[in-house]
Amino acid sequence: MKEKFKERLTDRGQVGIGTLIVFIAMVLVAAIAAGVLINTAGFLQTKSEQTGEESSAQVSNRVQVVSGFGNVANTEEVDYINLTVMRGSGSDDINLSTATIEWIGPNTATTLTEGNLSATSGNIDNNPDTEYGESTYFNVSAIKDPSESVPVLDEQDDRFKVTMNAEAISGSKLGEGQEVELKLTTQYGAVTIYRANVPQSLSQESAVTV
């Protein structure tokens, strides 16, 4: 009887050890799975926060066009388009030297970058070899800039003038009734679209609202 009792105790001990091993294995698997889930959740949270910040920046960090006017040449055509711009409400600092302007006009479509555009030739002052009519630059100058930060819009009161030479960009001046679509994209990816419309009559005008 004693030997049979000992055998039963031994059998129970073996079953208990097996159950313990299975339990420990299940705990380890659950811990690994939990770790993977936590890491994945953390990654997704970081990714969603980054995406949210980028989306918010694309909406809020934009340039606002206050007004636009065109300079009328002796030929009764618009040779320069000037935009007065400011920082959008709630926007961070906007560096116009890193911005681009897509010019979509009657004769050409091109992307402009900021440069020191000559007011007389359409060339870049530091690159005199640039051919007239092939310029892909716009110029930024200060209208109101208390902190003297041009070309960076760092205050809500800043007002800058963005100048584009129509003849240098498209090879011809803008005639009466013509339209140019200007798509200004900041370093944050925020886009502002402005459509400059030349009035139907430019007779006896030196400057017109566009």
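The values are calculated or read from the model by the stated rules, or taken from the named source; none is laboratory data. Quick caveat, the model's predicted, so the values are computed rather than measured. Positions of Cβ are generated from backbone atoms using ideal geometry, with glycine treated the same way; all protein chains shown enter the neighbour counts.
State whether one or more residues within region 43-51 are modelled with pLDDT under 95 and assigned to a loop (DSSP other than H, G, I, E, B).
Checked against the condition, which is being modelled with pLDDT under 95 and assigned to a loop (DSSP other than H, G, I, E, B), region 43-51 yields no hits at all.
Can you name every residue in region 177-198 that is assigned to a loop (DSSP other than H, G, I, E, B), of a type in the set (Val, Ile, Thr) and exposed (fewer than 15 other Cβ atoms within 10 Å of the Cβ)?
Result: no residue meets the conditions.
Tell me which of these Met26 doesn't satisfy, since it passes every other one: (1) within 30 Å of Ile193 (Cα to Cα); (2) modelled with pLDDT of 80 or more; (3) not assigned by TED's automatic domain parsing to the domain that holds Thr186.
Condition (1) is where Met26 drops out.
Going through region 87-103 one residue at a time, which ones are more than 12 Å from the chain's Cα centre (by Cα) and modelled with pLDDT of 95 or more?
Within region 87-103, Glu102, Trp103 meet the criteria.
Count, please, the residues in region 155-175 that happen to be over 16 Å from Thr110 (Cα atoms) and loosely packed, with under 15 Cβ neighbours inside 10 Å. Reasoning before the result, please.
Start the filter on region 155-175 by keeping residues that are over 16 Å from Thr110 (Cα atoms), which leaves 155-162, 175.
Add one more test, that the residue is loosely packed, with under 15 Cβ neighbours inside 10 Å, and what stays is 156-157, 175.
Residues in region 155-175 being over 16 Å from Thr110 (Cα atoms) and loosely packed, with under 15 Cβ neighbours inside 10 Å: 3 in total.
Kindly list the number of the only condition in (1) within 19 Å of Thr98 (Cα to Cα); (2) modelled with pLDDT of 95 or more that fails for Ala196.
Ala196 satisfies every listed condition except (1).
For region 64-78, how many residues are surrounded by fewer than 17 Cβ atoms within 10 Å (Cβ to Cβ) and not in a strand (DSSP E or B)?
Counting residues in region 64-78 that are surrounded by fewer than 17 Cβ atoms within 10 Å (Cβ to Cβ) and not in a strand (DSSP E or B) gives 4.
Which condition number in (1) in the same structural domain as Thr163 (by TED's automatic domain parsing); (2) at pLDDT below 85 is the one that Ser55 fails?
Unmet condition: (1).
If you go through region 152-176, how many residues are under 19 Å from Asn74 (Cβ atoms) and assigned to a loop (DSSP other than H, G, I, E, B)?
Selection size over region 152-176: 5.
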